[in-house]
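Coordinate-derived values only; no laboratory data. Only a predicted model underlies this, so the values are computations on that prediction, with no experimental measurement involved. For neighbour counting, all protein chains shown are included, and Cβ atoms are generated from backbone atoms with ideal geometry for every residue, glycine included.
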Amino acid sequence: MKQRQLGPFPVSAIGLGCMNLSHAYGAPPSFDAAQRLLLRALDLGCTLFDTAALYGFGANEELVGRVLAPHRAKFTLASKCGMQGVGFADGVKRVIDGRPATLKATCEDSLRRLQTDVIDLYYLHRWDKQVPIEDSIGALADLVRDGKIRAIGLSEVSAATLRRAHAVHPIAAVQTEYSLWTRNAEIAVLQACRELGAAFAAFSPVARGFLTGTLRDVGGFDAKDIRRAMPRFAPATYAANLRLLDGVAEVARDAGCTMAQLALAWLLTRGEHVIPIPGTTNIAHLEENLGAEAVALSAAQVARLDRLVNHDTVQGARYGAQSQVEVDTEEF
């Protein structure tokens, strides 16, 4: 596959977000199915695998470590800290905690689960607004000096927070939701990454299934599917957004690719520092997604997509009120 630069690491232009294999969209696949998908991604030339302590409350890191540790020299490993599962009397709950001691302890747990001596890129999954960003980044800088991680990233932060963090230690990458239907990164953080030499890892690049054109009915989501709480996936709102896809399908036919490939190819036009990290549990979809790096879009096709799906045409917020409070990104 074609390469792009992620901090000090040359990686495949399209990576793999591993969250779906353990978390977020209903029942995860079996270990055998997940193993086949991860190894197929490696075979196809994918060299960026993205996980987090949060996903499956550690289960995703354990999966990635169990399957990919024997192939560790072949890929760049990204994980995240600062948001993880914590046990309470009534069960394990998601907690945002950016205190230095917590971040360092989480890293030790991640190294063990991932079966590695060093994590290539370690993101602060959320900025804990109770802790100065300088303190959290200082702890991650200690981990770099200790040889536990190689580079530092941030997730869901504003350009201002990115610059504050970068003043403490160079930031190799920012990870934020970015797709045709989520354009907040275009306000400032995408340009800030370019200016600072940081990569931009785009998660949910096919809009959590919307831009594939195959998700027509949102009424049957699993009880644990995180989209159930997202305003854009409320039935009436989603039905309105579906009307945007007729034009997108026409552009895909014109470009000779699937709608998912079109969405990923569009992202690759947004700058050489942009690296989409789609996730899937389906090998056919994996092959489809990674094939998007060969799709060449004309300027006219890109412009048409920009007119069709953008902040003004998409209905509904991307997060509910509680989740929105937890992110630090600029919002329209």
Can you tell me how much longer the chain between Ala101 and Ala73 gets when fully stretched, taken as 0.36 nm per residue apart minus their C-alpha distance, in nm with one decimal?
-> 7.2 nm
Under the Kirkwood approximation applied to all pairs of distinct alpha-carbon atoms, what is the hydrodynamic radius of segment 203-329 in Å?
-> 15.5
Under 15 Å, Cβ to Cβ, from Leu242 - net charge with Lys/Arg +1 and Asp/Glu -1 | +2
Sorted by chain and then number, the residues having a modelled amide H within less than 5 Å of the amide H of His311, at least 5 places away or on another chain, are none
For the residue pair Gln191 and Gln130, what label-to-label distance in nm results when each label sits 7 Å from Cα along the Cα-to-beta-carbon direction?
-> 3.6
Pseudo-spin-label distance Thr313 to Asp246, built 7 Å along Cα→Cβ, given in nm, is 1.2
Across segment 311-316, in residue order, what do the Karplus-derived ³J(HN,Hα) couplings come to in whole Hz, using 6.51 cos²θ - 1.76 cosθ + 1.60 with θ = phi - 60° and x for Gly and Pro?
-> 4, 7, 9, 7, 9, x
May I ask you to compute the full-extension gain from Ala296 to Gln322, defined as 0.36 nm times their residue separation minus their alpha-carbon distance, rounded to one decimal in nm?
-> 5.5 nm
Of the DSSP beta bridges with both residues in the chain, give the percent that are antiparallel, rounding to the nearest 5.
-> 30
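When a footprinting reagent is the concern and you count Cβ atoms within 10 Å, what order do Tyr319, Tyr123 take, fewest first?
Tyr319, Tyr123
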Just how far, in whole angstrom, is segment 56-90 from segment 3-41 if you go by their alpha carbon centroids?
-> 11
Consider the candidate values (i) 16.6; (ii) 19.9; (iii) 15.6; state which one is mean projected area of the Cα convex hull in nm² computed from the structure displayed.
-> (iii)
With +1 at each Lys and Arg Cβ and -1 at each Asp and Glu Cβ, the charge dipole magnitude of segment 2-75 around its Cα centre, to the nearest 20 debye, comes out at 280
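Equivalent ellipsoid semi-axes for segment 1-147, as square roots of 5 times the alpha carbon gyration tensor eigenvalues: give them largest first, rounded to whole Å.
Equivalent ellipsoid semi-axes, largest first: 25, 20, 13 Å.
With a Förster radius of 25 Å, plug the Cβ-Cβ distance of Leu39 and Gln3 into 1/(1 + (r/R0)^6) and report the FRET value to the nearest 0.05.
0.75
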Sequence of Ser323, Ser110 once ranked by neighbouring C-beta atoms within 10 Å, starting from the fewest = Ser323, Ser110
Sorted by chain and number, the residues with a modelled amide H under 5 Å from that of Gln84, at a separation of 5 or more or across chains, are Val95, Asp97
Could you grab the Rg to Rh ratio for segment 239-292? Cα atoms only, Kirkwood for Rh.
-> 1.00
Once amide H atoms are built 1.01 Å from N in the peptide plane, which residues 5 or more positions from Leu154, or in another chain, come under 5 Å H to H?
-> Leu124, Ala173, Val174, Gln175
In nm, to one decimal, how far is the Asp32 label point from the Arg253 one, both placed 7 Å along Cα→Cβ?
-> 4.1
Protection proxy ranking of 181-188, 235-242, 201-208 - average other beta-carbon atoms within 10 Å, highest first = 201-208, 181-188, 235-242
Expressed in angstrom and rounded, the centroid-to-centroid distance over alpha carbons for segment 168-188 and segment 224-255 is 22
Which ³J(HN,Hα) values, rounded to whole Hz and listed in residue order, are derived for segment 44-57 from phi using the Karplus coefficients 6.51, -1.76 and 1.60 in 6.51 cos²θ - 1.76 cosθ + 1.60 with θ = phi - 60°, glycine and proline given as x?
-> 7, x, 6, 10, 10, 10, 10, 9, 6, 4, 5, 5, x, 6
Order by neighbour count: Ile96, Ile119, fewest other Cβ atoms within 10 Å first, most last.
-> Ile96, Ile119
